[in-house]
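Just so it is clear, none of the values below were taken in a lab; they were calculated from the coordinates. Everything quoted here is computed from the prediction, not taken from an experiment. Quick reminder, even Gly has a Cβ in these numbers, built from the backbone with ideal geometry, and neighbours come from all protein chains shown.
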Amino acid sequence: MTKNWSGLRILRDRDAALCLAVSVVSGFGTSALWLASGVWVKDLTGSDGLAALCVLALWAPTLLAPLLGSLADRHRRRPLLVAFNLGPAALLLTVLAVDSPARLWLLFTVLFLYGAACVVVDAAESALVAAAVAPELLGDFNGLRMTLTEGMKLVAPPTGAVVYAAQGGHGVALLDAATFVCAAGLYGCVTVREERPRRTAGHWRAHTAEGARFLWAHPGLRPLVAAGGATMLCAGLGAPLVYAVVEGLGHSPAYAGALYAAQGAGSVVAGLLAGPALRRLGARRFAACGIALTAAAVAAQAVPSAPVALMCGAAIGAGLPCPLIAALTAVQQQTPQALLGRVTATAGTLLYAPNAIGLAAGAGLVELVPYQALLLTLGLARLTAVLPLLRPPARQRGEVTAHPAVDPAPEADRT
């Protein structure tokens, strides 16, 4: 890492560094709760299905993201972020009353509201970051954020398991509540100056739909989000195959942890390199390279070799974040501040909701088709996600961008 690495510019910027610190704190708390809530429900009920509902409760609000994201455009982002971190912190205290299966409804309700708050926080944070970070450094910021988030996924679940073993689900809830309070304090220290958003006339549905209309009509953002959504659909389809791959290697199911660790390490590296790669390749080429790398790695998992499987896990971890970082960075660079909350939330739904659909479908496919054939098919299918990126972007007359002077693609990608 050289002294000219642009990530250092981000770390030296007080507001950007604070936003990154929030990612560390929030990622730690969320990852710890995600694991512990399922274990808690399993211990109380003995039901795998009810334990899986914890993940569903956290993910379900993503479907409401376009509506929830509109809150980030109706209020100043910094006070909103403080409020939506203190709110869940107080909300988590209510799960201290959960001590029997009869009160699990309270835990599921809290998890749903927790997920909804996270949707609003993600949308508002994206807008705040776009105001705090120089446009040309947004790729570096999002890459570093991905690195820190993935790093927390390696650290937080074991920590959550230790806390759960010592203090039960109540202890993990208190730990997560503390991370929310810490995140609220960090957001409160951000000094970005914001103007009060103008109140627009019209029904809330029309206000919400503006984000979707902007995203669909934008010739640069639509293909990036479409490619990212297709990639996450394939990722969901392939996720249930990990245990079949482990079985094919002759290892116990616990060996899946090694594959996940390799994938996390790959994502950490990808996040560190994302900014320079985006500037050198442009958003479309960067996303396409990541998709191609992931496709090759998924297909290669059909080879029954532990070293190959570990290398494939690292390659998947390195390639999978590329279309996501490219799409979210482009949204921040090319969306007006007044729309950024809604556009970010809508893009988040289109990027991440397909993953849940893929998970459900993949769980059925793995029982019906040999996993090697599925891996080869999914490897080829992932390449179709590149198709939206092949057509050169065409600028629309009167197209509005947040930063007209900044184009995330190099000259070779322009028309």
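Each of LEU241, ALA314, THR208 was scored by the projection of its Cα onto the charge dipole of the stretch 205-395, and the greatest displacement toward the positive side belongs to THR208; charges sit on the C-beta of Lys, Arg, Asp and Glu.
Using a Gaussian network model of the chain in which every pair of alpha carbons under 10 angstrom is joined by a spring, one finds that among GLY264, GLY313, GLY188 the greatest mean-square fluctuation is at GLY188. Rounded to the nearest 20 debye, the dipole magnitude of the chain is 1200 debye, with +1 charges on Lys and Arg beta carbons, -1 on Asp and Glu beta carbons, and the Cα centre as origin. Relative to the globular-protein estimate of 2.2 N^0.38 Å, the Cα radius of gyration of the chain stands at 0.97. Its relative contact order, with pairs defined as Cα atoms under 8 Å and 6+ residues apart, puts the chain at 25 percent. Expressed in Å, the radius of gyration and Dmax of the Cα atoms of the stretch 259-332 are 12.5, 42.
Starting from a Cα-only point model with no solvent, please compute log10 I(q)/I(0) by Debye for the stretch 205-395 at q = 0.19 1/Å. Relative scattering, expressed as log10 I(q)/I(0), comes to -1.24. Across the stretch 321-337, computed HN-Hα scalar couplings (Karplus, 6.51 cos²θ - 1.76 cosθ + 1.60, θ = phi - 60°) run x, 4, x, 6, 4, 4, 5, 5, 5, 5, 4, 5, 6, 10, 10, x, 4 Hz from first to last residue, x flagging Gly and Pro.
How much net charge surrounds CYS189 when only other residues with a Cβ under 12 Å from its Cβ are counted (Lys, Arg +1; Asp, Glu -1)?
Local net charge: +1.
Length gained on full extension, LEU383 to ALA52: 116.1 nm, using 0.36 nm per residue less the C-alpha separation. Of all the options ALA360, ALA270, ALA89, the one that moves most in a Gaussian network model of the chain with Cα springs shorter than 10 angstrom is ALA360. Taking the Cα atoms of the stretch 1-158, the ratio Rg/Rh between the radius of gyration and the Kirkwood radius comes to 1.03. Size check on the stretch 143-195: the Cα extents along the three principal axes, sorted descending, read 46, 25, 12 Å. Pairs of Cα atoms nearer than 8 Å and 6+ residues apart set the relative contact order; for the stretch 205-395 it is 42 percent.
Given the DSSP H assignment, sum -39500 (n - 2.57) over each helix run of at least 4 residues in the chain and divide by its residue total; what's the result at 222 nm in deg cm²/dmol, nearest 500? That comes out to -25500 deg cm²/dmol.
From largest to smallest, the equivalent ellipsoid semi-axes obtained for the stretch 86-244 from the alpha-carbon gyration tensor read 32, 23, 19 Å.
The string of couplings for the stretch 213-222 from the Karplus curve (6.51, -1.76, 1.60, θ = phi - 60°) is 5, 4, 5, 5, 7, 7, x, x, 7, 4 Hz, one whole number per residue in order, with x for Gly and Pro.
The Cα-based radius of gyration of the stretch 29-94, divided by its Kirkwood radius, gives an Rg/Rh of 1.07.
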